[in-house]
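J.: Before I ask anything, let me first share the structure, which is written out below as structure tokens.
Throughout, read-outs are computed from the coordinates displayed, never taken from laboratory work. Keep in mind that this is a model prediction, so the values were computed, not measured. Backbone-built Cβ (ideal geometry, glycine too); neighbour counts: all protein chains shown.
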């Protein structure tokens with residue numbers, strides 16, 4: 001996708017209103033003293049710097065730049081940052097650069113803004129950290145300290161170890177994007193295609209949906225992303241949008257799996273209790289949730305994200321154990337070197353095609 005695709009979906013959202021609604025709906029932070037809050041903020045900032053060099057060493061990805069500062073935020077601050085990032089991703093317009101043509105209608109913008117803000121409020125209590133490649137100064141690392149406090153208490157693990165362990169994962173994302181600047185544009189272009197109005201009529205959509213139902217009944221061999229909500233999305237999409245969705249899903253699976261691989265590779269050398277943290281964290285990921293929460297998570301695609309960690313890490317583990325990290329890094333050469341959907345679960349196919 002070399003040609004820029006018009007980004008239109010985000011222009012229907014009042015992003016400032018989304019940030020306001022999301023911040024108001026965010027769940028309260030866990031109770032903590034001023035001392036605890038100041039300590040976790042300082043420790044996360046220090047840990048994000050301490051994690052950078054081991055991550056660069058293990059990954060072999062080193063752009064040579066200085067280690068940037070992370071931004072340690074609360075839930076409302078993360079929501080506000082997320083709305084700004086989503087605005088850039090879905091419109092290509094940075095805050096303050098909007099023209100009148102880029103502004104949504106008042107009613108439409110408020111409705112979609114409220115919906116977006118509510119979704120971000122729900123997600124905000126589960127995000128430990130996030131590298132935002134569309135943030136200020138070409139990207140920034142956000143660490144959400146109330147959620148770190150909450151999870152380390154649930155897991156009953158040493159706070160200092162857990163905070164560094166979280167930073168190892170999130171700093172890996174920062175290294176991925178800073179060492180490979182093309183990744184952000186690849187994501188943006190795929191998202192632009194995915195959110196573009198395909199101009200399909202109702203008959204076409206109904207036909208695709210009927211075919212999807214027939215395939216499910218006939219037991220057709222499933223596409224890697226053909227089940228659940230993702231399968232339903234693909235069923236009603238035109239082929240360019242399906243390809244764009246698959247590109248985003250595969251890239252997300254690779255990035256998350258690579259970060260988990262690196263986190264475990266670096267962990268034993270710098271985090272004394274890494275095995276305990278990993279075991280309890282994985283148990284927490286798999287823990288059953290109330291039916292309503294499971295439904296909301298499914299609708300928001302959060303369960304698919306959990307699958308990305310597992311499938312992506314298995315892919316990276318196998319490729320690195322087979323060819324080594326240096327040859328694995330061929331994967332960052334460009335879009336054509338990224339795994340295809342059917343290669344994530346069969347790493348040998350990627351090795352045979354690319355290496």
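J.: How would you order 15-25, 269-279 from highest to lowest mean count of nearby Cβ atoms within 10 Å?
T.: Result, highest mean Cβ count within 10 Å first: 15-25, 269-279.
J.: As a footprinting exposure proxy, order 191, 44 by other Cβ within 10 Å, with the fewest listed first.
T.: Lowest to highest Cβ neighbour count: 191, 44.
J.: Highest mean first, how do 166-179, 64-77 rank when packing is the count of other Cβ atoms within 10 Å averaged over residues?
T.: Packing order, densest peptide first, comes out as 166-179, 64-77.
J.: Given the Cα-Cα distance of residue 269 and residue 239 and 0.36 nm per residue of separation, how much length would full extension add, in nm?
T.: Full extension of this stretch gives 6.2 nm more.
J.: If each residue's Cβ is checked for other Cβ atoms within 10 Å, how do 87, 156 rank with the fewest at the top?
T.: Lowest to highest Cβ neighbour count: 156, 87.
J.: Now, a different point. Taking neighbour counts of Cβ atoms within 10 Å as a proxy for exposure, in what order, fewest first, do 313, 49 appear?
T.: 49, 313
J.: Listed highest first by mean packing, meaning other Cβ atoms within 10 Å per residue, what order do 335-343, 28-36 come in?
T.: Descending mean neighbour count gives 335-343, 28-36.
J.: Moving on to the next point. So how much slack lies between residue 67 and residue 37, counting 0.36 nm per residue of separation and subtracting their Cα-Cα distance, in nm?
T.: Between residue 67 and residue 37, full extension yields an extra 8.4 nm.
J.: On a C-alpha basis, how far is the centre of segment 10-84 from the centre of segment 244-278 in Å? Whole number, if you could?
T.: One Cα centre to the other: 18 Å.
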